[in-house]
Amino acid sequence: MSSIGAAAAERPHGTRGEAIKFELVQEHLILVPTLVNGHGPYSFILDTASDVTIVDPQVAADAGLRAQDSAVVRALTGAVRLLSCRTRVTLAGRQFDDTEVLIQSVSSVSRKAQGVLGWNVLSRFDFILDNARRQLVIPAVAADSGIGGGAVAYEEENGLPVIVTTIPALSQRRLRMAMDTGAAQLLLFSVAPPPEMSEADRHVLRTPLGDVEVCFLRVPTLGIGSSTLTDVQVGFMRPGLRNRSAGLDGLLPVRLFQAVYFDNSHRAVVLNPRFTRK
């Protein structure tokens, strides 16, 4: 059992609903207390850019899970077949029955992590990821929550929430990027790095299904809806892996914002929302 608890947290001023503190590890991985088949809580990585939920083999054993099937998972490192089963997953008192989970160790990403809570669970409710306060807030009623700000519509592509962005310094076309709560930096799949970048610029990115080589540089601006971010670090995939992105142009880390409201009821996100109710 994890040491992380479902401690209540102070909600952003004016919101209604439930808030829980999350643990931040490696400055970008969000761990939330999660129950599996009524057991736990376990420390799961909250990952909107994973279309599947993953449980560590030890958690599966503790929770009495038995593999019933297998599924092919497509990741940056390629495709891999994992054992799977269906079970009950609980987060912040919300119970999600008959949820498909895959059985795989995620200790290569973080020794504290005991699983990954993916979009197949997270898409089923509205929530605010408040990076400034390190808390996950689940509004009681979205229409009466006191949350304001410009909404950016997303589309679900390959089971992930995808929004349109622009990076004028790198591409003249609009880039489709998945909102990623588990990424440290913005990562591009479809855009090649500038030729002046050398092998010395390469780094290793660790994922639950293997390591990926990337190289980094900074770009002046990143446009999302009516918002513009400046001086953003961008990572580039090496050529042999860029074709595995299943049509996405990249991953947009949610940690770039103080808070993000995932209004899944309307398939939209609000970046740095305003909390207006008094």
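Contact map, the range 58-76: first residue of a type in the set (Phe, Trp, Tyr), second residue modelled with pLDDT under 85 and not in a strand (DSSP E or B), Cβ cut-off under 6 Å, separation 6 or more or different chains; the map is empty.
Failed condition for Gly159, given (1) at pLDDT 95 or above; (2) assigned by TED's automatic domain parsing to the domain that holds Val234; (3) closer than 26 Å to Leu24 by Cβ, with all others met? Every condition holds for Gly159 apart from (1).
Say whether the condition of being touching a Pro at 6+ places or on another chain (Cβ under 8 Å) and of a type in the set (Val, Ile, Thr) is met by at least one residue in the range 130-144. Yes; the residues of the range 130-144 include at least one that is touching a Pro at 6+ places or on another chain (Cβ under 8 Å) and of a type in the set (Val, Ile, Thr). With respect to Leu31, determine if the residue is in contact (Cβ under 8 Å) with a residue 12 or more places away in the chain, more than 10 Å from Leu117 (Cβ to Cβ) and either hydrophobic (A, V, I, L, M, F, W, C) or crowded, with 18+ Cβ neighbours inside 10 Å (or both). When the stated conditions are applied, Leu31 does not pass them. When the range 91-129 is filtered for residues that are closer than 15 Å to Val59 by Cα and either among the aliphatic types (A, V, I, L, M) or touching a Gly at 6+ places or on another chain (Cβ under 8 Å) (or both), the ones remaining, listed by number, are Val101, Leu102, Ile103, Val106, Ala113, Val116, Leu117.
Would it be correct to say that Ile138 is assigned by TED's automatic domain parsing to the domain that holds Lys21 and surrounded by 16 or more Cβ atoms within 10 Å (Cβ to Cβ)? Considered against the rule, which asks whether it is assigned by TED's automatic domain parsing to the domain that holds Lys21 and surrounded by 16 or more Cβ atoms within 10 Å (Cβ to Cβ), Ile138 comes out as yes. Which of the residues that make up the range 141-156 are in contact with a His (Cβ under 9 Å, 6 or more places away or on another chain) and at pLDDT 85 or above? Passing the criteria: Ala151, Ala153. Under the condition of being modelled with pLDDT of 95 or more and crowded, with 24+ Cβ neighbours inside 10 Å, the residues counted in the range 48-59 number 5.
Is it the case that some residue within the range 142-154 is within 15 Å of the chain's Cα centre (by Cα) and of a type in the set (Asp, Glu)?
Residues of the range 142-154 that are within 15 Å of the chain's Cα centre (by Cα), as a first pass: 154.
Adding the requirement that they be of a type in the set (Asp, Glu) leaves none.
No, that holds for no residue.
The values are calculated or read from the model by the stated rules, or taken from the named source; none is laboratory data. Computed from a predicted structure; not experimentally measured. We place every Cβ from the backbone using ideal geometry, glycine too, and count neighbours over all the protein chains shown.
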